[in-house]
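Undergrad: Below you'll find the structure I mean.
Just so it is clear, none of the values below were taken in a lab; they were calculated from the coordinates. Here the structure is a predicted model, which means the values were calculated and not measured. Every residue, glycine as well, gets a Cβ built from its backbone with ideal geometry; the counts of neighbours run over all protein chains shown.
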Amino acid sequence: GENVEQHPSTLSVQEGDSAVIKCTYSDSASNYFPWYKQELGKRPQLIIDIRSNVGEKKDQRIAVTLNKTAKHFSLHITETQPEDSAVYFCAASIPGSGYSTLTFGKGTMLLVSP
Amino acid sequence: GAVVSQHPSWVICKSGTSVKIECRSLDFQATTMFWYRQFPKQSLMLMATSNEGSKATYEQGVEKDKFLINHASLTLSTLTVTSAHPEDSSFYICSARVVGLGTQPQHFGDGTRLSIL
């Protein structure tokens, strides 16, 4: 099955700095890669996703890049703000694998200091 | 759009009790819903995939007789933890996926924190 590795496990930055979280996946058949933000005790919220036919996608301060050859994808947050502090999960999905389940990384706790 | 409601948000009960958790898609139809378990400071572990009108698909290591799943309509899936014990205490989260071409995003409920005494 699919295996997703996520790094770093914790990331501390100063407000205004950029933050980068990286994930690798094992199955080259994976074609959908969402990123979720989860605040303590709350639901994971989809913040951005990318499909394998696209190399980069951007939404305001958030961007995701995908390198299919290397089987890795990254989340980039620019001009970080304290409210960006949360746990971020990457995930990968294989098409046609039953019901296209998601395999999640272990998460990155992002701390943005004012 | 794509709102998923999960109830209850918090349950405390005695060992041996069965607990039912509901997951509803409020503004869309979901032929497929997913049930996850999350331990503190850990990732989301898929327990089972719930399919409307058919049996759920359980992940390896998840006891189907322990975690009963019913997906009776396009907007409701339920997870029943039968004869719950302290080791079943966890955060359970459901998600639902909008039907569409290609892989669609999963949208999560608020989760249920289950504490078994």
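Undergrad: Apply the Kirkwood formula to the range B:1-109: the hydrodynamic radius equals the inverse of the mean of 1/r over all pairs of different alpha-carbon atoms; give it in Å with one decimal.
TA: With all distinct Cα pairs of the range B:1-109 included, I get 14.1 Å.
Undergrad: Given the protein assembly as shown, what percent of its DSSP beta bridges are antiparallel, to the nearest 5?
TA: Of those bridges, close to 90 percent are antiparallel.
Undergrad: Determine, for each peptide in A:7-18, B:28-39, A:55-66, the mean count of other beta carbons within 10 angstrom over its residues, then list the peptides with the highest first. Could the numbers behind the result be given before it?
TA: Values: A:7-18: 12.7, B:28-39: 21.2, A:55-66: 15.1.
Descending mean neighbour count gives B:28-39, A:55-66, A:7-18.
Undergrad: Can you list the cysteines of chain B that have no other Cys Cβ under 4.7 Å away?
TA: B:CYS13, each lacking another Cys Cβ under 4.7 Å.
Undergrad: Stick to the Cα atoms of the protein assembly as shown, pair each with every other, and give me the Kirkwood hydrodynamic radius in Å at one decimal. Intermediate values should be presented prior to the final figure.
TA: Details: mean 1/r = 0.0550 Å⁻¹.
This gives a value of 18.2 Å.
Undergrad: With every atom except the alpha carbons ignored, what do you get for Rg and Dmax of the range A:1-110, in angstroms?
TA: 13.4, 42
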